[in-house]
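To start, I am sharing the structure in question, which I have written as structure tokens.
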Amino acid sequence: MKVISVVGARPQFVKLAPVAQALSAAGVDHVIVHTGQHYDADMSDVFFDGLSIPAPDVHLGVGSGSHGAQTGAMLAALEPVFLEHNPDWVLVYGDTNSTLAAALAAVKIHLPVAHLEAGLRSFNKRMPEEHNRVMTDHCADLLLAPTEVAQGHLANEGLAAITRVVGDVMVDVCFTVRDAVLAAGGGTSETPYLLSTIHRAENTDDPDRLRAIIDALASAPLPVRLLAHPRLRAKAEQFGIELAQGSIELHSPVPYAEMVASVLGSAGVVTDSGGLQKEAYLLDRPCTTLRTETEWVETLHDGWNVLVADPADLAEALKRDRPTAARKAPYGDGRAAEAVAAALQGV
Ligand code: UD1
């Protein structure tokens, strides 16, 4: 059996790591295509190296652009690759422009599409990721849902028959890396700090909102280790906003193991990333999410994750006590990638 995985952005490399391992263990012929959506070394190469992912077989080098230009360039570039390899499955990950482009390119030439992380919904049509995931789910042939909530969304949209709950592959990689970090004596800090990332268009592209977020982080009661995505740096510079101010300590994006160690060493996380909300939850750190909603609703249980729509409310949210209630394991047991391989093989 031949599977083509299409990835392009940072969170997709993380998800690819356990899947590539499971497909290799299952003896599947696995072709990796990198669209080039993320191209900086610290947004791409460090994930392949750090997570021992085989180098991409094909690199399309599409790069940045407006949504239409970027998605269209990927769509055009993927078609000949798919025709050449003629796989049994095109496997797409998450909700980026790379995901949608690959799903569209595949259905147009009648190749079966499997969508990993299917069924997530924010119900916020302002988010590019929401269009990407809804359209991808509706052109896929197999929907690999991470949670029962996601399965419910797909059932509501008439897609129950092609849905399979496999768990969340990010648990697989997060727990493996956590164990390695702890075994090496990492993941601790002598001084308390908050770990933060901000990169979503809804937060970065409006100067007033971005300024309010940076002001709120700068006034936090603890040092804020801000790992700045290139979009954040570019927008802050464009709007004349100084990122390194007050409590904020500005850093570059970090490799995955360093991210896990940084969450473990932190007193809590402030973010708008979906993956980091979940990593905080899995690693027992409270998270405050600068958004109006989250796709990962299970993290909201008992205040482990709190949504803060207005940055002016951040200070209050950070004062809350650390939750004490036990949590269930809504994202699975860390063996989702094996279930993905089995589902693709029709087992
Ligand atoms: C994309 C995904 C988002 C995901 C995020 C993870 C879409 C619509 N969004 O957002 O869901 O959470 O990846 O990081 O696909 N840039 C660089 N170097 C890079 C990559 C980007 O400088 O290696 C800059 C460019 O200015 C670019 C901007 O960041 O225009 C945005 O990058 P893009 O890939 O378009 O979207 P992300 O914001 O990264």
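In the range 35-62, how many are in contact with a Phe, Trp or Tyr (Cβ under 7 Å, 6 or more places away or on another chain) and either within 19 Å of Leu104 (Cβ to Cβ) or at pLDDT below 95 (or both)?
0
So, one more: What are the residues in the range 1-24 that are of a type in the set (A, V, I, L, M, F, W, C) and either within 16 Å of the ligand (Cβ to nearest atom) or under 9 Å from Tyr93 (Cβ atoms) (or both), if any?
Restricting attention to the range 1-24, the residues satisfying the condition of being of a type in the set (A, V, I, L, M, F, W, C) are 1, 3-4, 6-7, 9, 13-14, 16-17, 19-20, 22-23.
Within the range 1-24, Val6, Val7, Ala9, Phe13, Val14, Leu16, Ala17, Val19 meet the criteria.
If you take the residues in the range 319-347 that are in a loop (DSSP other than H, G, I, E, B) and of a type in the set (A, V, I, L, M), which one is farthest from Glu298 (Cα to Cα)? Can you show your working first?
Taking the range 319-347 first, the residues in a loop (DSSP other than H, G, I, E, B) are 319-335, 345-347.
Keeping just the survivors that are of a type in the set (A, V, I, L, M) gives 325-326, 329, 347.
Working: Ala325: 14, Ala326: 13, Ala329: 9, Val347: 28 Å.
Ranking the qualifying residues of the range 319-347, first place goes to Val347.
From the set of residues in the range 178-205 that are part of a loop (DSSP other than H, G, I, E, B) and under 22 Å from the mean Cα position of the chain (by Cα), which is surrounded by the fewest Cβ atoms within 10 Å (Cβ to Cβ)?
First pass over the range 178-205, keeping only residues part of a loop (DSSP other than H, G, I, E, B): 184-193, 198-200, 205.
From what's left, under 22 Å from the mean Cα position of the chain (by Cα): 187, 198-200, 205.
Details: Gly187: 18, Ile198: 24, His199: 19, Arg200: 20, Asp205: 13.
Filtering first and then ranking leaves Asp205.
Further, regarding this structure: How many residues does the range 292-329 contain that are within 19 Å of Ala118 (Cβ to Cβ) and not assigned by TED's automatic domain parsing to the domain that holds Arg209? I'd like the intermediate steps shown before the answer.
Quick first cut of the range 292-329, residues within 19 Å of Ala118 (Cβ to Cβ) only: 293-299.
Pick out the ones that are also not assigned by TED's automatic domain parsing to the domain that holds Arg209 and you get none.
Number satisfying all stated conditions: 0.
Among the listed residues Thr136, Thr197, Thr204, which satisfies the condition of being within 16 Å of the ligand (Cβ to nearest atom), assigned by TED's automatic domain parsing to the domain that holds Ile214 and closer than 23 Å to Ala17 by Cα? So that I can check it myself, show each step before the final result.
Working: Thr136 fails: assigned by TED's automatic domain parsing to the domain that holds Ile214; Thr204 fails: closer than 23 Å to Ala17 by Cα.
Just a single option satisfies the conditions, and that option is Thr197.
Now a separate question. For the range 186-204, what are the residues that are free of Cβ contacts under 8 Å to residues at least 60 places away in the same chain and out of contact with any Lys or Arg (no Cβ under 6 Å at 6 or more places or on another chain)? Reasoning before the result, please.
Initial filter on the range 186-204 (free of Cβ contacts under 8 Å to residues at least 60 places away in the same chain): 190-191, 204.
Passing the criteria: Glu190, Thr191.
If you don't mind, another one. For the range 280-312, what are the residues that are more than 14 Å from the ligand (Cβ to nearest atom) and assigned to a strand (DSSP E or B)?
Cys287, Thr288, Asn305, Val306, Leu307, listed by residue number.
Now a separate question. Evaluate the following for Ala180: is it more than 16 Å from the ligand (Cβ to nearest atom) and farther than 24 Å from Ala105 by Cβ? Give the steps one after another, and end with the answer.
On the way: more than 16 Å from the ligand (Cβ to nearest atom): yes; farther than 24 Å from Ala105 by Cβ: yes.
So Ala180 fits the description; yes.
When both residues are 6+ apart or on different chains and their Cβ atoms are under 6 Å apart, which pairs have a first residue that lies in the range 294-311 and is under 16 Å from Ala329 (Cα atoms), and a second that is surrounded by fewer than 19 Cβ atoms within 10 Å (Cβ to Cβ) and small (Gly, Ala, Ser)?
Asp302/Ala325
Go through Asp172, Asp137, Asp215 for me and flag whichever is surrounded by fewer than 19 Cβ atoms within 10 Å (Cβ to Cβ), assigned to a helix (DSSP H, G or I) and at negative phi. Steps first, answer last, please.
Values: Asp172 fails: surrounded by fewer than 19 Cβ atoms within 10 Å (Cβ to Cβ); Asp137 fails: surrounded by fewer than 19 Cβ atoms within 10 Å (Cβ to Cβ).
Within the list Asp172, Asp137, Asp215, the selection yields Asp215.
Condition first: assigned by TED's automatic domain parsing to the domain that holds Ala161 and more than 19 Å from the chain's Cα centre (by Cα). Can you find one or more residues in the range 113-127 that meet it? Break it down into steps so the answer makes sense when it comes.
Of the range 113-127, the ones assigned by TED's automatic domain parsing to the domain that holds Ala161 are 113-127.
Next, only the ones that are more than 19 Å from the chain's Cα centre (by Cα) stay: 113.
For the range 113-127, residues assigned by TED's automatic domain parsing to the domain that holds Ala161 and more than 19 Å from the chain's Cα centre (by Cα): present.
Hey, could you check the range 246-275 for residues that are buried (at least 19 other Cβ atoms within 10 Å of the Cβ) and without any contact (Cβ under 8 Å) to a residue 60 or more places away in the chain and say which is farthest from the chain's Cα centre (by Cα)?
Ile248
Thr299: closer than 24 Å to Asp215 by Cα, at pLDDT 95 or above, of a type in the set (Ser, Thr, Tyr) and buried (at least 20 other Cβ atoms within 10 Å of the Cβ), yes or no? Before the answer, list the steps.
Values: closer than 24 Å to Asp215 by Cα: no; at pLDDT 95 or above: yes; of a type in the set (Ser, Thr, Tyr): yes; buried (at least 20 other Cβ atoms within 10 Å of the Cβ): yes.
So Thr299 fails the test.
Sticking with this one: I'm trying to understand the selection: among the residues of the range 246-279, which are closer than 24 Å to Gly152 by Cα and part of a helix (DSSP H, G or I)?
Matches in the range 246-279: Gly274, Gly275, Leu276, Gln277, Lys278, Glu279.
The values are calculated or read from the model by the stated rules, or taken from the named source; none is laboratory data. Keep in mind that what you see is a predicted model, and the values were worked out from it rather than measured. Quick reminder, even Gly has a Cβ in these numbers, built from the backbone with ideal geometry, and neighbours come from all protein chains shown.
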